[in-house]
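Visitor: Let me begin by handing over the structure; questions about it come next.
Derivation of every value follows stated rules applied to the coordinates shown; laboratory data play no part. These numbers come from a predicted model, not from an experiment. Cβ placement follows ideal geometry from the backbone for every residue including glycine, while neighbour counts extend to all protein chains displayed.
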Amino acid sequence: MPRILVIGASGQLGSELTQELKNIIGEDNVVASDRNISATSSRQGLFETLDVLDGDLLYKIVNKHKITQIYHLAAILSAVGEQHPKQAWTLNIDGLINVLDVAKEKKLDKIFWPSSIAVFGPNTPVNHTPQNTIMDPLTVYGISKLAGERWCEYYFHNYGVDTRSLRYPGLIGYKSPAGGGTTDYAVDIYHKAINKKPFECFLKEDTALPMMYMPDAIRSTIELMKADKVKIKVRSSYNINAMSFTPKEVANSIKMHIPDFKISYQPDFRQDIADSWPRLIDDSCARKDWGWNPEFDLNKMTKDILENLKNLKSTAILNTD
Ligand code: AKB
């Protein structure tokens, strides 16, 4: 049985992925870790307080729990990264190198590290963005993800570390808040809608971006990690896609269930970031190499999120607006 360490387990992706890994391999085989203990499911079961910049502590935790795989999710995302560029670079790159080093020293079985559509830039083809293409990211987050991809491939080729990675689009879940990204509006909008509040969007109505619903994101991650090593042909990071929509389209999808939902648009600095990213990603390599196939499109996701939020609200678990 693998012994898994999840770094960044209290975040939007980390909390749901940690729970799913526990469901699959058992509570006792998954160690959640984060800088802060937050009120998420990752607090149940094994938990270690860990700042991934502390390489010695990381090493001790790996030894203590006999870890064989790491999912390293801790990062500063695109919007917050532009407010704190050096911190974003340090956390995103030094943290990754600490993880790669411990994987190399301890000969861990495999490592998962998320990249992002933020690795692309204004000269990248925006439609059906290929796996291999021009990459000239404008944000520190994007620069750090692109550099991180190169580091992952470097450790694979030079030290045999089994690094696996996905270029996530905007991830949309309803269970926990998103954390400092440009695609976060597509999370917040559902909470406003279910609470019968108007939503002010920080992107223009016609800004199309690649997006993915959390169940697809979790499944893609687990399928990539389960895939036979010889099938993983891309050791930088795989393009992965599920859907692409604009703020206006997600508002219209919500209006099919909540007809009087209101949206207005007040673009801010995040508009420039979104304008530098692709609209739709070509993920044919992921489909061919390890069989990726998304399940949720926009309307299926909207229905699922609104139903779940409604249930949470009626059982009074949800009290965000
Ligand atoms: C962000 O908006 O920064 C992230 C991402 C696309 O990686 N959600």
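Visitor: If amide hydrogens are placed 1.01 Å from N in the peptide plane, which non-local residues have theirs closer than 5 Å to the one on Phe245?
Guide: Amide H neighbours of Phe245, under 5 Å, 5+ apart: Leu209, Met211.
Visitor: For the range 217-309, what is the relative contact order in percent, using Cα pairs closer than 8 Å and at least 6 residues apart in sequence?
Guide: Computed over the range 217-309, the figure is 48 percent.
Visitor: Once every Cα of the range 192-319 carries one equal point scatterer and solvent is ignored, give the base-10 log of I(q)/I(0) from the Debye formula at q = 0.10 Å⁻¹, two decimals.
Guide: Reported log10 I(q)/I(0), two decimals: -0.42.
Visitor: Suppose every Lys and Arg Cβ carries +1 and every Asp and Glu Cβ carries -1, with no other charges. What dipole size does the range 238-297 come out with about its Cα centre, to the nearest 20 debye?
Guide: Dipole about the Cα centre, nearest 20: 140 debye.
Visitor: For the range 228-321, which GluC sites (Glu not before Pro) are both in a DSSP coil and crowded by at most 13 other Cβ atoms within 10 Å?
Guide: When the GluC sites (Glu not before Pro) of the range 228-321 are filtered for loop state and at most 13 Cβ neighbours within 10 Å, Glu295 remain.
Visitor: Relative contact order of the chain, please, whole-number percent, based on alpha carbon pairs below 8 angstrom and at least 6 residues apart.
Guide: Relative contact order of the chain: 17 percent.
Visitor: Quick check: the distance between the Cα centres of the range 94-172 and the range 210-251, to the nearest angstrom?
Guide: For the range 94-172 versus the range 210-251, the Cα centre distance is 14 Å.
Visitor: Using Cα positions and a limit of under 26 Å, work out the lysines in reach of Lys86, with same-chain residues fewer than 8 apart set aside.
Guide: Lys145
Visitor: A further question on this structure: Taking one equal scatterer on every alpha-carbon of the range 237-308, how large is log10 of I(q)/I(0) by Debye at q = 0.17 1/Å?
Guide: So the normalised log intensities are -0.84.
Visitor: Here is a follow-up. Round to the nearest 10 and give me the degree value, 0 to 90, for the angle of helix 12-25's Cα axis relative to the longest principal axis of the chain.
Guide: Once rounded, the angle reads 60 degrees.
Visitor: Further, regarding this structure: Could I have the simple spin-label model distance between Lys204 and Glu295, label points 7 Å from Cα toward Cβ, reported in nm to one decimal?
Guide: 3.6
Visitor: Please express the shape of the range 170-248 as an equivalent ellipsoid: the semi-axes are the square roots of 5 times the eigenvalues of the C-alpha gyration tensor, given largest first in whole angstrom.
Guide: For the range 170-248, the ellipsoid semi-axes come out as 30, 14, 9 Å.
Visitor: How big is the Cα convex hull of the chain in projection, averaged over all directions, in nm²?
Guide: On the way: hull surface 60.3 nm².
Computing the convex hull of the Cα atoms and averaging its projections yields 15.1 nm².
Visitor: Report, largest value first, the span of the C-alpha coordinates of the range 29-169 along each principal axis, in whole Å.
Guide: Sorted from largest, the Cα extents of the range 29-169 read 46, 35, 25 Å.
Visitor: When only C-alpha pairs under 8 Å and at least 6 residues apart count, what is the relative contact order of the range 9-116, in percent?
Guide: 23
Visitor: Further question: Across the range 183-302, how many lysine pairs, 8 or more apart or on two chains, come within less than 19 Å at their alpha-carbon atoms?
Guide: 21
Visitor: Then there's this: With springs connecting C-alpha atoms under 10 Å apart, model the chain as a Gaussian network and identify which of Thr183, Thr207, Thr133 has the largest mean-square fluctuation.
Guide: So, out of Thr183, Thr207, Thr133, the one fluctuating most is Thr133.
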